[in-house]
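Let me begin by presenting the structure, written as structure tokens, before commenting on it.
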Amino acid sequence: MVEAYLNQIVTAVPDHDIHRMFVARAPWLLKEGRQRALLKRMADRGQIEHRYSFLKPPGADEVGFDADGLFRRGAFPDTMTRMRLYERHAFTLAKRALDQLHLAEQKDAITHLIVTTCTGFYAPGIDLQVVEHYGLNPSVERTIVGFMGCYAAINALKLARHIVRSQPASKVVILNLELCTLHLQETDDLQRLLSFLIFADGCAASIVSAEPRGIELQSFHAAVVADSADQITWRIGGFGFDMVLLGCVPATVTKGLLSNVDAILNGHTHHDIRHWAIHPGGRTILDAVQRSVGIPDEKLRQSRDVLRRFGNMSSATIMFVLKEMMTPHTPAGQGCAMAFGPGLTAESMLFRTVGH
């Protein structure tokens, strides 16, 4: 049977680096001095230096969290306003990534389009905008993978592999787009506020086909950890999407990996894995995976670097990591990718880098 390959990945982020501004202003939302000090310590330990947003940061003499005054204390926007912002800005970021694929030059070869997003919705949606803007065939098969959170990109790759293996002439475009900063909440709950120190906006676009270059998509495995459904949740609220990300998640990830690692590696040992593409959900998530699986520091370099440079961009993030493994100097070898999200679910993929 024909195999499927991830041939190309391109990435894009918005213009505005908001991390330092947010770390400086987030304590305003907390009432207690001890909590403010703890927030600052946790930010310093988070190993994130940059996070990007479509929201322009405020000036030094302006209040709130954005230059337009949408996110100001006591008047954060409702969900309708946020969804209008998503519709206004999502395709702009999508084009920033998709333009790098030169879709217009290969538009007649594209047969499928898969979009993952969990931070906004509208219809007709971004999938149809892509088809129209780049002149793709209107009969292109379109699929939206929605509300699956940080592991959605692995589900998209799984679907693309199925498509190519069943229809070898297929050429699948995957778009992973998230505007996570859209859902900043006004809260004095320290644990909830800590989650906003991690998330950022970002987009990845990629092509999967039967052409044997890039990364061979070998197999996939999903594991749901029992009694953990309340630890990561993502629900539509009146003032944006409400996230719960409990502090016990790293321990649950450890528990889940210890009981599922053999199935994830599918006959390999961790010594066989040359490339580890671990979704950088946060420093503590990476630490938990590293300890439970026994990954050397050097083999988590790409994941930690993406966290440092971009933060957690939900479904787009694992693609940023995989892109780092598609450079000309990357040696061929066995790889394993993992991402985590609601469920609590660990989605994993075995792959092999084969070069260009």
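Scanning segment 64-78 for residues that are crowded, with 16+ Cβ neighbours inside 10 Å and either among the basic types (Lys, Arg) or outside any loop (DSSP other than H, G, I, E, B) (or both) yields a single hit, Arg72. Is segment 309-331 home to any residue that is open to solvent by 50 Å² or more (accessible area, probe 1.4 Å) and over 23 Å from Tyr5 (Cα atoms)? Yes, some residue in segment 309-331 is open to solvent by 50 Å² or more (accessible area, probe 1.4 Å) and over 23 Å from Tyr5 (Cα atoms).
So Glu178 passes all but one of these: (1) under 17 Å from the mean Cα position of the chain (by Cα); (2) among the acidic types (Asp, Glu); (3) more than 30 Å from Phe239 (Cα to Cα). Which condition number does it fail? Checking Glu178 against (1) under 17 Å from the mean Cα position of the chain (by Cα); (2) among the acidic types (Asp, Glu); (3) more than 30 Å from Phe239 (Cα to Cα), the one that fails is (3).
Scanning segment 187-227 for residues that are of a type in the set (S, T, N, Q) and either assigned to a strand (DSSP E or B) or open to solvent by 50 Å² or more (accessible area, probe 1.4 Å) (or both) yields Gln191, Ser206, Ser209, Gln218, Ser219.
Test Thr317 against the criterion of being polar (S, T, N, Q) and without any contact (Cβ under 8 Å) to a residue 40 or more places away in the chain, and give yes or no. Break it down into steps so the answer makes sense when it comes.
Values: polar (S, T, N, Q): yes; without any contact (Cβ under 8 Å) to a residue 40 or more places away in the chain: no.
It is false that Thr317 is polar (S, T, N, Q) and without any contact (Cβ under 8 Å) to a residue 40 or more places away in the chain.
Within segment 239-273, track down each residue that is charged (D, E, K, R) and crowded, with 18+ Cβ neighbours inside 10 Å. If you could, list the steps in order and put the result at the bottom.
If we filter segment 239-273 for residues that are charged (D, E, K, R), which is where we start, we get 242, 255, 262, 272.
Within segment 239-273, Lys255 is the sole residue that qualifies.
Take segment 1-41 and flag every residue that is open to solvent by less than 20 Å² (accessible area, probe 1.4 Å), closer than 30 Å to Lys323 by Cβ and either of a type outside the set (Val, Ile, Thr) or not in a loop (DSSP other than H, G, I, E, B) (or both).
Looking only at segment 1-41, we keep the residues that are open to solvent by less than 20 Å² (accessible area, probe 1.4 Å), and these are 4, 6-7, 9-10, 12, 14, 18-19, 22, 26, 29-30, 39.
This time we only want the ones that are closer than 30 Å to Lys323 by Cβ, so: 4, 6-7, 9-10, 12, 14, 18-19, 22, 26.
Of everything in segment 1-41, those that are open to solvent by less than 20 Å² (accessible area, probe 1.4 Å), closer than 30 Å to Lys323 by Cβ and either of a type outside the set (Val, Ile, Thr) or not in a loop (DSSP other than H, G, I, E, B) (or both) turn out to be Ala4, Leu6, Asn7, Ile9, Val10, Ala12, Pro14, His19, Phe22, Ala26.
Summed over segment 274-294, the residues that are under 16 Å from Ile264 (Cα atoms), assigned to a loop (DSSP other than H, G, I, E, B) and either open to solvent by 10 Å² or more (accessible area, probe 1.4 Å) or of a type in the set (Gly, Ala, Ser) (or both) give a count of 2.
Scan Asp61, Asp44 and give me the residue that is acidic (Asp, Glu), surrounded by fewer than 16 Cβ atoms within 10 Å (Cβ to Cβ) and within 27 Å of the chain's Cα centre (by Cα).
Details: Asp61 fails: within 27 Å of the chain's Cα centre (by Cα).
It is Asp44.
The values are calculated or read from the model by the stated rules, or taken from the named source; none is laboratory data. Treat the numbers as computed from the prediction; the structure is a model and nothing was measured. Ideal geometry is used to build each Cβ from the backbone, glycine not excepted, and the neighbour counts take in all protein chains shown. The area values use the complete protein model at the heavy-atom level, side chains included, leaving out ligands, DNA and RNA. Shrake-Rupley method; radii C 1.70, N 1.55, O 1.52, S 1.80 Å.
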